[in-house]
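K.L.:
Handing you this structure, nothing more for now.
The values are calculated or read from the model by the stated rules, or taken from the named source; none is laboratory data. Just so it is clear, the model here is predicted, and its values are computed rather than measured. Cβ atoms come from the backbone with ideal geometry, glycine included; neighbour counts cover every protein chain shown.
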Amino acid sequence: MTAYYKRDSFMKSIRPMLTAISAILLLASFTACSSGSDGGGPGTGILSLSLTDATTTEYKAIYVTIQEVQVHRRDGGKWQVVATPNKTFNLLELVNGVREHLGLSELQTGVYTQMRLIIGNTADGGINIKGNTHPFANYFIDSLDAEYELKIPSGPQTGIKIGGFLINQNETTELILDFDASKSIVKAGNSGKWLIKPTIKVVDMVNYSIISGLANNIEGILVGAQIYDPSASDAKDEVLVQTATITDATGSYKMFLEPGTYNVVAYKEGSFPICSRITAHPDTTNLVPEFFLSPASTANIEGIVAISGAGDEQHVTLSIRQTVLCSGVSAQIEVKSMNVANGGAYSINLPDGVYSVVASTYGHITQEHAVNITSPSNTTLDITF
């Protein structure tokens, strides 16, 4: 009896201590799990979003209505709204470092696996470059001031999903949504409708570079940063345009990019393209030697695209490429590109020279066609898959 009584008294005396130790171990375990490989942890951080454009010279204006932006946390379960601009943007105004702020949002720390951009169906009631109220939520104005509605294909109607990001405690994650206008518009095919299939890249401003320079001291020259990889398994991936902009009234340009080595290509219709190779270092402005474009005689390459068994919404991407010297190194560059819906016709004006037309579409082997442009005769090239 005495032995049992002493043991019971001892257990009662240390029970508060055991409870405290258990609580400490539980808290330590929770902290370790919360700050593990998923990047999560207690507390919040800030997400800052802005919009810019990897632009094109094919149109006077491209208007896109962005309704809202949503994000999805890896262990959060539901989509969360982080910005509600409900605004119709002219993408061609968001060039040369110009960014449109979309919103700030406080978020729980952790890994966010996806972001979703919701394209709106109703314009914001604003005025376009012609001084008229927006006729559509999404449309473009061509060189003749004609307005064409851009239809959203059935897939992206639920939102355009783009890359993920990380939110750290008490820190601001600043992201730029680089909307590639040139890759997002699909020329009308059998349906007669122009489509918008948004192509958007996320640029994290924590580790970024700026590339800038001058081109001919004139406005309207397209300048793009490209990567040439001849070892790519698919010909369509051998030349990748990372972003592009247009020179301003002084001939200046500026682009936001991830650090790396790029072929910077300057081109304007009626001139020969020119290329300079540069390595862009982080957290600095990297200057490109000044471009001086030379005038050229031009002619058109034109034809029809057809995809057997495909619907009206499937399109062919045409990438017109040329081999040039880029800072003394031979490289292939993209001079122009165009998306053409099934059954549609295309016409592209090019300087005299030898080109490779790389045609690609979903579910088919990429095609390459060599063409020789010699003015004043046009060249016909039909693309059939």
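K.L.:
Residues being assigned to a strand (DSSP E or B) and either out of contact with any Ser or Thr (no Cβ under 8 Å at 6 or more places or on another chain) or within 23 Å of A266 (Cα to Cα) (or both): count how many of those fall in segment 179-197. Give the derivation first.
P.N.:
Start the filter on segment 179-197 by keeping residues that are assigned to a strand (DSSP E or B), which leaves 179-180, 185-187, 194-196.
Remaining after also requiring either out of contact with any Ser or Thr (no Cβ under 8 Å at 6 or more places or on another chain) or within 23 Å of A266 (Cα to Cα) (or both): 179-180, 185-187, 194-195.
Counting residues in segment 179-197 that are assigned to a strand (DSSP E or B) and either out of contact with any Ser or Thr (no Cβ under 8 Å at 6 or more places or on another chain) or within 23 Å of A266 (Cα to Cα) (or both) gives 7.
K.L.:
Okay, next question. For segment 177-188, indicate whether the set of residues that are more than 28 Å from V335 (Cβ to Cβ) and either surrounded by 15 or more Cβ atoms within 10 Å (Cβ to Cβ) or not basic (K, R) (or both) is non-empty. Quick ask: steps written out before the conclusion?
P.N.:
Pass one, segment 177-188, residues more than 28 Å from V335 (Cβ to Cβ): none.
Scanning segment 177-188, I find no residue that is more than 28 Å from V335 (Cβ to Cβ) and either surrounded by 15 or more Cβ atoms within 10 Å (Cβ to Cβ) or not basic (K, R) (or both), so the answer is no.
K.L.:
Counting only residues that are more than 29 Å from S191 (Cβ to Cβ) and at pLDDT 95 or above, give me the strands (runs of 3 or more DSSP E) lying completely in segment 331-385 with at least 2 of them. First the steps, then the outcome.
P.N.:
Numbers: elements: 345-351, 353-360, 367-373.
Strands (runs of 3 or more DSSP E) meeting the threshold: 353-360, 367-373.
K.L.:
Has segment 366-375 got at least one residue that is within 29 Å of the chain's Cα centre (by Cα), under 16 Å from A306 (Cβ atoms) and buried (at least 18 other Cβ atoms within 10 Å of the Cβ)?
P.N.:
No, because not a single residue in segment 366-375 is within 29 Å of the chain's Cα centre (by Cα), under 16 Å from A306 (Cβ atoms) and buried (at least 18 other Cβ atoms within 10 Å of the Cβ).
K.L.:
Still on this model: If I filter segment 66-88 for residues that are over 18 Å from L175 (Cα atoms), in contact with a helix residue (DSSP H, G or I) (Cβ under 8 Å, 6 or more places away or on another chain) and at pLDDT 90 or above, do I get at least one hit?
P.N.:
No: segment 66-88 contains no residue that is over 18 Å from L175 (Cα atoms), in contact with a helix residue (DSSP H, G or I) (Cβ under 8 Å, 6 or more places away or on another chain) and at pLDDT 90 or above.
K.L.:
Can you name every residue in segment 198-230 that is assigned to a loop (DSSP other than H, G, I, E, B) and surrounded by fewer than 18 Cβ atoms within 10 Å (Cβ to Cβ)? Break it down stepwise before answering.
P.N.:
Filtering segment 198-230 down to residues assigned to a loop (DSSP other than H, G, I, E, B) leaves 198-199, 205-208, 216-221, 229-230.
T199, M205, V206, N207, Y208, N217, I218, E219, G220, D229, P230 - these are the residues of segment 198-230 that are assigned to a loop (DSSP other than H, G, I, E, B) and surrounded by fewer than 18 Cβ atoms within 10 Å (Cβ to Cβ).
K.L.:
Residues to consider are F272, F291; find the one that is aromatic (F, W, Y), at pLDDT 95 or above, closer than 18 Å to D248 by Cβ and buried (at least 16 other Cβ atoms within 10 Å of the Cβ). If you could, list the steps in order and put the result at the bottom.
P.N.:
Details: F272 fails: closer than 18 Å to D248 by Cβ.
Going through F272, F291 in turn, the sole match is F291.
K.L.:
Which residue out of V357, V340, V329 is more than 19 Å from D237 (Cβ to Cβ), in contact with a Lys or Arg (Cβ under 9 Å, 6 or more places away or on another chain), crowded, with 19+ Cβ neighbours inside 10 Å and β-branched (V, I, T)? Walk me through how you get there before you give the answer.
P.N.:
Working: V357 fails: more than 19 Å from D237 (Cβ to Cβ); V329 fails: crowded, with 19+ Cβ neighbours inside 10 Å.
Checking each option against the conditions leaves just V340.
K.L.:
If you don't mind, there's one more thing I want to ask. With respect to L144, determine if the residue is closer than 30 Å to D75 by Cβ, outside the structural domain of S319 (by TED's automatic domain parsing) and not β-branched (V, I, T).
P.N.:
On the way: closer than 30 Å to D75 by Cβ: no; outside the structural domain of S319 (by TED's automatic domain parsing): yes; not β-branched (V, I, T): yes.
So L144 does not fit the description; no.
K.L.:
Suppose we keep only residues that are hydrophobic (A, V, I, L, M, F, W, C) and in a strand (DSSP E or B) within segment 128-146. Which one would you say is surrounded by the most Cβ atoms within 10 Å (Cβ to Cβ)?
P.N.:
As a first pass, look at segment 128-146 and keep what is hydrophobic (A, V, I, L, M, F, W, C): 129, 136-137, 140-141, 144, 146.
Now narrow it down to the ones that are in a strand (DSSP E or B): 140-141.
Values: F140: 25, I141: 21.
Among them, the one singled out is F140.
K.L.:
Looking at L51 and the list (1) without any contact (Cβ under 8 Å) to a residue 24 or more places away in the chain; (2) assigned to a strand (DSSP E or B), which single condition is not satisfied?
P.N.:
L51 satisfies all of (1) without any contact (Cβ under 8 Å) to a residue 24 or more places away in the chain; (2) assigned to a strand (DSSP E or B) except (1).
K.L.:
While we're looking at this one, here's another question. Yes or no: segment 296-305 includes at least one residue that is of a type in the set (D, E, K, R) and part of a loop (DSSP other than H, G, I, E, B).
P.N.:
Let us first name the residues in segment 296-305 that are of a type in the set (D, E, K, R), namely 302.
If we keep only those that are part of a loop (DSSP other than H, G, I, E, B) as well, we get none.
Scanning segment 296-305, I find no residue that is of a type in the set (D, E, K, R) and part of a loop (DSSP other than H, G, I, E, B), so the answer is no.
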